[in-house]
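Shown next, in structure tokens, is the structure this report addresses.
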Amino acid sequence: MDAKLFFGDASTFETPMLAVFAVDLAKDKNAEPRPALLTPSSTLNHAAHGLLESGEFKAALGEVAVLHAPPGLKAERLLLVGLGKLKDLSVDRFRKGAGTAIRAAKPRSVRRMVIGFPGLDALPSGQIEGLSAMLTARAMVEGAVVAQTDWDTYRSDRKDCSVDSLTLIANETQASVTSEMRRGFEEGLIVAAAQNFARSLVNEPGNVLTPTVLGERTKAMCDEAGLKCEVYSSDKLQDLKMEAFWAVAKGSAEPPALIVMTYEPQTAPAEDAPVFGLVGKGITFDTGGISIKPADGMEKMKYDMAGAAAMIGAMQAIARLKPAVKVIAVVCSAENMPDGKAFKPGDVVTAMSGRTIEIVNTDAEGRLVLADGLHFAKTLGCTHLIDAATLTGACVIALGALNAGLFSNDDATCARFESALAVSGEKFWRLPCTDDYRDHIKSEIADIMNTGKNRYGGATSAAMFLKEFAGDTPWVHLDIAGCAWNEEKKPWVAHGPSGIAVRSIVEWVRSYST
Ligand code: BES
Ligand code: ZN
Ligand code: ZN
């Protein structure tokens with residue numbers, strides 16, 4: 001999709017479809033909806049007047065209405081996009097609103113469209129926390145570009161109904177504001193492309209995206225983005241004594257891939273400057289191994305590499321946004337298969353760090369590959385670690401699909417991550433991994449075991465296991481099992497891979513760039 005930012009009056013713009021946002025001004029829960037356009041333009045308000053008065057359109061979040069040949073406008077159609085109650089308005093609502101506009105245009109065969117920038121002046125001041133022209137522009141372009149993609153690549157009856165050209169239009173003349181909008185727009189394009197790249201990887205089936213292919217696709221992206229990228233396999237795992245990672249990998253006919261991406265800032269940072277380590281779980285298919293999963297729903301386990309995809313996407317955005325900090329990403333990719341050569345419950349392996357691990361369940365494989373990935377990142381000089389993984393079903397049970405799990409061994413680092421969420425619009429909920437949970441992973445046989453002693457608090461048991469390998473290094477762990485795949489259809493985004501965590505990780509890293 002070709003996206004442009006244009007400054008001018010939306011009502012005089014010739015286009016097949018012009019989208020404008022509307023909110024519901026009603027305050028009380030049971031009050032009649034009072035839909036109103038988010039623009040001071042009298043021409044636009046006049047054109048929508050009848051519809052707004054009719055009561056047919058309530059401006060609920062994700063609701064749309066189309067007016068053909070709207071009076072006084074050059075646009076062929078006016079699309080009203082509801083953002084919900086005014087009191088609930090946030091930057092993220094503009095992201096969802098722009099996404100809804102694109103997804104309403106697609107089935108109507110609209111190839112070119114314009115989305116009107118909200119008239120923020122029309123709002124009572126201080127109405128929306130953190131709202132700025134920059135962040136609004138950024139959120140809108142992100143929402144639109146992410147909404148454009150449908151995951152029907154493998155369908156032969158695929159209909160090509162994409163919006164080829166999008167113009168965001170803002171009636172703004174003040175140079176300080178227009179330059180902020182331009183910056184937000186450019187950043188949004190970069191971040192959205194990175195999120196879509198991550199989604200495209202997650203969408204691939206396990207027979208296509210093997211660890212080797214993940215390595216190849218990552219290398220191709222890095223070559224294009226100007227990142228250093230090394231892809232290693234089985235031999236390197238032996239050299240580095242990554243027995244935990246190898247235990248998972250050895251049951252598959254597909255060799256593992258250890259992918260290392262490095263971003264160096266343009267100006268060499270001070271010797272004591274932080275170095276960020278992004279570690280991703282890249283299980284391209286998780287059968288559970290010898291502790292095999294039930295057949296029902298197993299096909300979903302192709303997305304068990306969504307943590308890796310998040311890190312790969314984040315690195316693409318980082319390469320383009322060029323923060324002043326060094327970032328290293330480590331992706332541990334393997335297929336978890338049952339086989340004569342597969343690891344077994346009861347096995348004991350020594351991780352790269354020297355810790356011995358009793359394998360209790362081969363389906364708890366993600367923490368094993370990450371254990372070596374986290375330790376390896378530390379040996380590469382990382383001073384701050386973040387990992388993302390579709391790690392536990394327990395996290396899905398705890399938080400559902402709206403919030404992903406957030407764990408950390410350091411409050412300050414965690415608080416940084418949580419402030420990045422105001423920009424990314426993603427939702428993470430912090431769960432505990434304090435030392436009093438250490439008993440969960442105590443083993444009679446080895447230093448630790450790879451499951452909790454029972455099912456209770458399973459997401460925390462997994463985090464406690466990873467914490468052993470993060471050690472004293474400030475570390476954030478993201479359990480994205482419930483959020484990596486959109487099960488439900490939403491007006492603003494397609495069903496399928498979500499690309500969760502790319503935006504938040506990028507923003508977290510950038511928060512350290514001065
Ligand atoms: N990949 C799964 C976790 C998962 C579950 C991801 C649902 C996405 C959706 C992980 O490897 C796994 O199987 N974990 C086990 C751990 C258990 C054996 C301790 C689980 O959560 O059941
Ligand atoms: Zn598993
Ligand atoms: Zn898994």
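The values are calculated or read from the model by the stated rules, or taken from the named source; none is laboratory data. Remember, predicted model here, so these are calculated numbers, not experimental data. Glycine gets a Cβ as well: all are built from the backbone with ideal geometry, and neighbour counts include every protein chain shown. Keep in mind that these areas ignore ligands, DNA and RNA; they rest on the heavy atoms of the full protein, side chains included. Shrake-Rupley method; radii C 1.70, N 1.55, O 1.52, S 1.80 Å.
Of all residues in region 366-392, those being more than 13 Å from ligand 2 (Cβ to nearest atom) and either crowded, with 24+ Cβ neighbours inside 10 Å or touching a residue at least 40 places away in the same chain (Cβ under 8 Å) (or both) number 17.
Looking at region 35-75 only, could you name the residues that are β-branched (Val, Ile, Thr) and part of a strand (DSSP E or B)? Spell out the reasoning first.
If we filter region 35-75 for residues that are β-branched (Val, Ile, Thr), which is where we start, we get 39, 43, 64, 66.
Within region 35-75, Val64, Val66 qualify.
Exactly one residue among Cys414, Cys395 is away from ligand 2 (no atom under 16 Å from the Cβ), on the phi < 0 side of the Ramachandran plot and either among the hydrophobic types (A, V, I, L, M, F, W, C) or open to solvent by 60 Å² or more (accessible area, probe 1.4 Å) (or both), and that residue is Cys414. The combined condition, being of a type in the set (Asp, Glu) and either more than 27 Å from Ala317 (Cβ to Cβ) or under 22 Å from the mean Cα position of the chain (by Cα) (or both), is fulfilled by Asp435.
In this structure, does Leu189 turn out to be at pLDDT 95 or above, touching a helix residue (DSSP H, G or I) at 6+ places or on another chain (Cβ under 8 Å) and farther than 30 Å from Arg155 by Cα?
Criteria not met by Leu189.
Of the residues Val66, Val20, Val81, Val91, the single one that is over 26 Å from Leu131 (Cβ atoms) and either crowded, with 23+ Cβ neighbours inside 10 Å or of a type in the set (Val, Ile, Thr) (or both) is Val66. Scanning region 138-168 for residues that are surrounded by 22 or more Cβ atoms within 10 Å (Cβ to Cβ), within 26 Å of Pro107 (Cβ to Cβ) and touching a Gly at 6+ places or on another chain (Cβ under 6 Å) yields Val141, Glu142, Gly143, Ala147. Hey, does region 292-299 have a residue that's in a strand (DSSP E or B), within 10 Å of ligand 1 (Cβ to nearest atom) and over 13 Å from Ala198 (Cβ atoms)? No: region 292-299 contains no residue that is in a strand (DSSP E or B), within 10 Å of ligand 1 (Cβ to nearest atom) and over 13 Å from Ala198 (Cβ atoms).
Among residues of region 331-347 that are within 30 Å of Cys222 (Cβ to Cβ), those with a beta-carbon under 8 Å from a residue that is open to solvent by 40 Å² or more (accessible area, probe 1.4 Å) and away from ligand 2 (no atom under 15 Å from the Cβ) at least six positions away or on a different chain give the pairs Ala334/Glu254; Glu335/Glu254; Met337/Ala253.
Can you say whether Val20 is of a type in the set (Val, Ile, Thr), without any contact (Cβ under 8 Å) to a residue 60 or more places away in the chain and not in a loop (DSSP other than H, G, I, E, B), as far as the supplied structure shows? For Val20, the condition - of a type in the set (Val, Ile, Thr), without any contact (Cβ under 8 Å) to a residue 60 or more places away in the chain and not in a loop (DSSP other than H, G, I, E, B) - is not met.
For every residue, the table says whether it meets (1) within 12 Å of ligand 1 (Cβ to nearest atom); (2) under 24 Å from the mean Cα position of the chain (by Cα).
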| site | (1), (2) |
| --- | --- |
| Ile318 | no, yes |
| Lys322 | no, yes |
| Lys341 | no, no |
| Asp347 | no, no |
| Asp372 | no, yes |
| Ile386 | no, yes |
| Val396 | yes, yes |
| Asp410 | no, yes |
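Filtering region 462-488 to residues that are outside any loop (DSSP other than H, G, I, E, B) and surrounded by fewer than 20 Cβ atoms within 10 Å (Cβ to Cβ) leaves Glu468, Asn486.
If you filter region 253-290 down to residues that are crowded, with 23+ Cβ neighbours inside 10 Å and among the polar types (S, T, N, Q), you find that the one that is farthest from ligand 1 (Cβ to nearest atom) is Thr284.
Is there a residue being more than 10 Å from ligand 1 (Cβ to nearest atom), over 14 Å from Ala484 (Cβ atoms) and not in a loop (DSSP other than H, G, I, E, B) anywhere in region 302-311? Taking every residue of region 302-311 in turn, none turns out to be more than 10 Å from ligand 1 (Cβ to nearest atom), over 14 Å from Ala484 (Cβ atoms) and not in a loop (DSSP other than H, G, I, E, B). What's the number of the condition Gly457 fails, among (1) surrounded by fewer than 22 Cβ atoms within 10 Å (Cβ to Cβ); (2) modelled with pLDDT of 95 or more; (3) more than 13 Å from ligand 1 (Cβ to nearest atom)? Exception for Gly457: condition (3).
Note on region 377-411: among residues that are assigned to a helix (DSSP H, G or I) and in contact with a strand residue (DSSP E or B) (Cβ under 6 Å, 6 or more places away or on another chain), the one that is nearest to Leu478 (Cα to Cα) is Cys395.
Looking across region 324-365, the residues that are away from ligand 2 (no atom under 16 Å from the Cβ) and either in a loop (DSSP other than H, G, I, E, B) or among the basic types (Lys, Arg) (or both) come down to Ala324, Val325, Lys326, Gly340, Lys341, Gly346, Ala351, Met352, Ser353, Gly354, Arg355. Scanning region 262-316 for residues that are among the aromatic types (Phe, Trp, Tyr) and away from ligand 2 (no atom under 16 Å from the Cβ) gives Tyr263, Phe276. Residues in region 188-242 that are touching a Cys at 6+ places or on another chain (Cβ under 9 Å), of a type outside the set (Lys, Arg) and not in a helix (DSSP H, G or I): Cys229, Met242.
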